[in-house]
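The values are calculated or read from the model by the stated rules, or taken from the named source; none is laboratory data. Values in this document were obtained by computation on a predicted structure and should not be read as measured data. Reconstructed Cβ throughout: ideal geometry from the backbone, glycine too, with neighbour counts over all protein chains shown.
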């Protein structure tokens, strides 16, 4: 399959991102916004930039994980599932077409200057050029988009001139009052101008064409957001400092008005011409982007099929383009400019709230396929701030935008019920949420959707295409193990039966066809060869298979049930429990897998000759000693039973503990001893003692408190401080 060439450098991406923000947000919106809050309009723009920063960081992360996914619509669908994907598609479509309609209204106002027409002329001009844009998009006139960078450059030069000549001319008297409606007016204005920055994340859709996207994509978003924030803040300050509020509050062409005042009619006319070019370009690109959402949804079977039809001659989605332009025409005819801007902001705020939630879901579930090369800093504080601030902004926008958002949710549910409910796709939230999925697509003979690769038989490793039903240990391999051989070897050490079953599981999003992964895979063949060598060296029977699935957790649970295994053994990074709102697979497995569960943290030890076991009081010590002894016999290693006790424990108490421990070790066939250590800090002590050993065996840690779970601190402290490899055991009752 051909891939997009990564040809866009940092400068190009910044230019594209700025182009997505430069338009009605500065050429039309400031006057209406100033009427809501007074000269503090510049502060509203600044606060809006702060509120949108989390979405920019989150979308940077999502885009580097899914560089060719198609943007916010698919991020939301992969995280929440097709129901919310339908809602997201509608919300994104409406936000873009509303913003484009708003740009056309402003375009008409600036054009009215050039043709010397009255303000009532605005609406008709907007509708006429909407028809022109409709034709351009249907006929697929691509060259129009190639002048975008030139238009952006001209606009920036014009705004720079306004800054240079406008700052010295600021009249301090016009800056009073700072607030016209108090802090409530300011915050409602922040929500109102939020749509001005929506274009900052548009570059995420072209992540597959960006050089070094893990660095250049977030840099481009942050730098372009910083540049546009400076432009918005200073231009807004110049407008309120040069134009009386009585004029500015109803002005749909404020950049022309201030340029006309500062430079006279000629400069004003030139500025109006720049406004016309900028706004028509923005409206055209908005229609181009918005019309693709109904088309993509129809391709995903979430809208009627005719919306996904491509014109045989022009190769454009005509139905989707016509629907988009018709809806824009209705907006221009029946909504005033303020309502258009409010609705556009409301839908965009909702989508950006969802983007922040997507990062939380994908991070907390640790979906196997989610591997972003850039990760948002200060997780999850940044995302939580973006979510909370987004909900507050929705409230400040007022009742009508809130009702519109709720209506879109209801409409999305209805559309899904009629067109999308038959889709087999599910979101990550359904799989790993607190109500885990009830169905899985696993056995290709019994269920549709999951296929098992059948590599050839390699020496002692059995690769027969079937999961061994009598395996004593099952070892799911997820691709992130430091040493798959070491993990399988630990599984073999725990095994009381003949067969050790290793299964390489590749989880792919529901939107990805499994057949694409059924080709001969060199990684699978390499694993088979290495496990064959391990089987010969350790004289054990290892059965190895490879599975591609849409649902990792239920596939592993099914493996446990199908094999009737005693143990499930997995690699581990010392994360202990489930996440805040959604489950990390490890936490899910511990509570749902029917067998005993072992997690192995590989710290690079390759020769195990000394094993230390440290357990909290109250454990079923006999069971754990027997398990540890079995591991030691496999490796011909010695076993030390460690007790770390408080410093105030008396000598008689220690002696009694030692005697009880010695009795526990009587049945152990390995060389064994007891070690009791007084210490103030057991975590630090076990960490220091572990340096003398090759493997530390511990039990399930105590459940983390909610603060640790919320802020991502839920690490097993004993495992995290250990200098040797760690085997954490969960033994079922």
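Just a few scattered comments:
- Only residues that are free of Cβ contacts under 8 Å to residues at least 40 places away in the same chain and within 49 Å of the chain's Cα centre (by Cα) were counted in the range 633-660, giving 9.
- Check on residue 425, more than 23 Å from residue 90 (Cβ to Cβ), outside any helix (DSSP H, G or I) and modelled with pLDDT under 90: no
- Identification of helices (runs of 4 or more DSSP H) wholly contained in the range 5-66 with 1 or more residues that are under 22 Å from residue 217 (Cα atoms) and in the same structural domain as residue 188 (by TED's automatic domain parsing) yields 10-21, 41-65.
- Tally, over the range 356-376, of residues that are touching a helix residue (DSSP H, G or I) at 6+ places or on another chain (Cβ under 7 Å) and outside any helix (DSSP H, G or I): 10
- When residue 92 is tested against the conditions (1) modelled with pLDDT under 85; (2) out of contact with any helix residue (DSSP H, G or I) (no Cβ under 9 Å at 6 or more places or on another chain), the lone failure is (2).
- Odd one out for residue 680 among (1) modelled with pLDDT of 85 or more; (2) touching a helix residue (DSSP H, G or I) at 6+ places or on another chain (Cβ under 8 Å); (3) assigned to a loop (DSSP other than H, G, I, E, B): (2)
- Considering 162, 105, 132, the condition of being at pLDDT 85 or above and more than 28 Å from residue 324 (Cβ to Cβ) is satisfied by 162 alone.
- Breaking point among (1) outside any loop (DSSP other than H, G, I, E, B); (2) at pLDDT below 90; (3) closer than 21 Å to residue 416 by Cα, for residue 350: (2)
- Residue match in the range 175-187 (condition: assigned to a helix (DSSP H, G or I), farther than 23 Å from residue 346 by Cβ and either touching a strand residue (DSSP E or B) at 6+ places or on another chain (Cβ under 6 Å) or assigned by TED's automatic domain parsing to the domain that holds residue 95 (or both)): yes
- The range 320-347, subset in a helix (DSSP H, G or I) and free of Cβ contacts under 8 Å to residues at least 12 places away in the same chain, residue surrounded by the fewest Cβ atoms within 10 Å (Cβ to Cβ): 334
- Restricting 610, 636 to those that are modelled with pLDDT of 90 or more, surrounded by 15 or more Cβ atoms within 10 Å (Cβ to Cβ) and in the same structural domain as residue 732 (by TED's automatic domain parsing) reduces the list to 610.
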